[in-house]
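Heads up: the structure comes next, in structure tokens.
The values are calculated or read from the model by the stated rules, or taken from the named source; none is laboratory data. Computed from a prediction, not measured in an experiment: that's the story for all the values here. Because the Cβ atoms are built from the backbone with ideal geometry, glycine has one as well, and the counts that use them run over all protein chains shown.
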There are 2 protein chains.
Amino acid sequence: MRKIGLSEIEDIALGASLLGAGGGGDPYIGKLVAMGAVKERGPVTLLDPEEIPDDALVVPIAMMGAPTILGEKGVGGKEYEVLYNMISQYYGKKIFAFMPIEAGGVNSMLPIGAAARLGLPMVDADGMGRAFPELQMVTFTMAGISATPMALVDEKGNSVIFNTITNQWTEELARSVTMSCGGSVSVSLYCVEGAILKQHAVKGIVTRSQKLGEAIRRVKESTDLTPEERFLEFSEGYRLFKGKIADVLRETNGAFNLGRVVIEGIGSDRGKRAEVVFQNENLSASVDGVILATVPDLICLVDTETFIPVTTDALKYGKRVLAVGLKCFDAWRSEAGLKLVGPRYFGIDTDYVPLENRIGGNADV
Amino acid sequence: MRKIGLSEIEDIALGASLLGAGGGGDPYIGKLVAMGAVKERGPVTLLDPEEIPDDALVVPIAMMGAPTILGEKGVGGKEYEVLYNMISQYYGKKIFAFMPIEAGGVNSMLPIGAAARLGLPMVDADGMGRAFPELQMVTFTMAGISATPMALVDEKGNSVIFNTITNQWTEELARSVTMSCGGSVSVSLYCVEGAILKQHAVKGIVTRSQKLGEAIRRVKESTDLTPEERFLEFSEGYRLFKGKIADVLRETNGAFNLGRVVIEGIGSDRGKRAEVVFQNENLSASVDGVILATVPDLICLVDTETFIPVTTDALKYGKRVLAVGLKCFDAWRSEAGLKLVGPRYFGIDTDYVPLENRIGGNADV
């Protein structure tokens, strides 16, 4: 148990946006929500999963839809209370704590805002250990746990409760409603008891985000390593490519931020050409036609000077980026995990090969 | 109080498909559901609204989406029980009776099927007195009564409860989910207490449908009138046009059956050309460019020989039809009514003029 205040939020947002792997939204928007709540109501208690009673109800809080739309529409502030009431009424039980469902600039922050506003603790765990674009893509699905009852509320006051036969149907139906509500809504799903949480969640993700954020912030403080070497060391990242964004092709279909970005090599990568395909999150990275990394491993683009993560909705021509691969949560590499979030699910015609095997000897710079 | 058995169902389905005004679906499909249930479980008790206690909960049962899809997908049979449980749990109260929400070949029948299967009575009232394409288009909306909580269930077992800030939002969100569920679902909405029902529903609609159906079935029994004269007399219909369908233009957008039908005059209308525009239901009828009738009045096409109504999804080149206008339920002609279902709402650029005024002296044949 420890407290999450303003400086912790700053680092968690920064680190979580790296784990967002291109998705998860702008940490600036996320921070606004979390910091606003903490300034008003005081710091939030962060609990280790082991501190949660087995029968206590833990409820994820997240936004669904396009984070950029959230930035335009804003969060009304009443959403969390409505979600709280919908879920606790449904279960006939008080909510013990909130948790994030994924790591990302926005969805790592909203549970902090909700916890501060409703005076509840938050759990140091999530359901992905990174960000993924669709809501069935959580460790809980692998364990056969239903996403529903799922509560959805928009900033206008419309609310919906779903009960579906599969988590893929939850995604399907909730996505439709999200689109009809203008592209972003607040949701609670995968409400779990403490025992389930301890068994199936990705533990320690908030703390990991915070440590990554702190390290990025202090990346230039080291004296014996270059900032890039230091960044790769603490992030346990594999260097994929360094270059200048030469083209961004988007095909926004309303529901997702789809596309690919072409990067022209600089420095030791001069003369080469990389391509990163994304659906909210980065899905695959290839250099001169050879795939170097795919989902579920994390493909992250960061600014070559500040090492601040660049999300897929902020990709711009001319920006210099370092592409880095991070190993995903182990369970995603299982057969069940790859069925849910492997490259073929996203239409990428390759088997999954662990990042470290694809990179081979060139892994450590 | 009286009983609805197989022969009553036959007539109700036929008459309701006239009041469907081109929409409301194929009475054959509706009858299958209602008759199947009544054969298994016995006749259904039909209650007059005045027989309902003021605080008793009355729940409409309907399908949402394209009736033709319902015909393909079928009704699983469990849907009504699921709806019953969702609604009674929500209110913490038993359901006293079911009711139809609109008149039409399918939606007049499903509440009979539900009532038979669950052993509940049905009320002789609905919320439209005809069929309309969107779910906010009920008398209850004019009275400021919320469509929600609305329960929706598909044949696969997915279910959703909506709570919305307006009935237009209910339409918007439920339509999205309906589309995602494959285009047809079962719903309960506008759940009302007896007191509200007595004040705002369209009363006697089941009995009216049955009488219309019986009259259509016996249209050729009269000796002193031609069948057409007899049909216009008992339906209190205004003869608009008689002709042969020359063209059907459809622009199915998935959510609705949109389009227009062109009819070339025969008999006394030879040389003239009529056009009927529809969105599930017929919206306007014009002859040689002059509008003769618009929503909310009913525009019905019936077979020139059998006087069996022709729904918009059954329009076919070459079919001979009589176009007839029926006066709508009075409240639809109010300012509030016309805002909800007047021609301009549907993009038809004309003020509403009551059918009988447009037709003028030619009203009664």
Matching residues in region B:1-30 - criterion: being surrounded by fewer than 24 Cβ atoms within 10 Å (Cβ to Cβ) and of a type outside the set (A, V, I, L, M, F, W, C): B:R2, B:K3, B:G5, B:S7, B:E8, B:E10, B:D11, B:D26, B:Y28
Test: residue in region A:112-124 that is under 13 Å from the mean Cα position of the chain (by Cα) and touching a residue at least 40 places away in the same chain (Cβ under 8 Å): no
Those residues of region B:191-238 which are farther than 20 Å from B:K327 by Cα, part of a loop (DSSP other than H, G, I, E, B) and either in contact (Cβ under 8 Å) with a residue 24 or more places away in the chain or not acidic (D, E) (or both), in sequence order: B:C191, B:R218, B:V219, B:K220, B:S222, B:T223, B:L225, B:T226
Qualifying residue in region B:220-231 (condition: among the aliphatic types (A, V, I, L, M) and either under 19 Å from B:E281 (Cα atoms) or crowded, with 18+ Cβ neighbours inside 10 Å (or both)): no
Test result for A:P354, free of Cβ contacts under 8 Å to residues at least 60 places away in the same chain, farther than 12 Å from A:R239 by Cβ and of a type outside the set (S, T, N, Q): yes
Exclusive hit being at pLDDT below 95, at positive phi and part of a strand (DSSP E or B), set A:G259, A:G254: A:G259
Residue in region A:82-91 that is closer than 25 Å to A:L326 by Cα and assigned by TED's automatic domain parsing to the domain that holds A:A37 present: no
Matching residues, region B:296-311, being out of contact with any Lys or Arg (no Cβ under 9 Å at 6 or more places or on another chain) and within 21 Å of B:F256 (Cα to Cα): B:I299, B:C300, B:P309, B:T311
Selection from region A:54-105 of residues that are modelled with pLDDT under 95, among the β-branched types (V, I, T) and part of a loop (DSSP other than H, G, I, E, B): A:V75
Region B:146-204: number of residues that are under 16 Å from B:P67 (Cα atoms), β-branched (V, I, T) and more than 12 Å from chain A (Cβ to nearest Cβ): 1
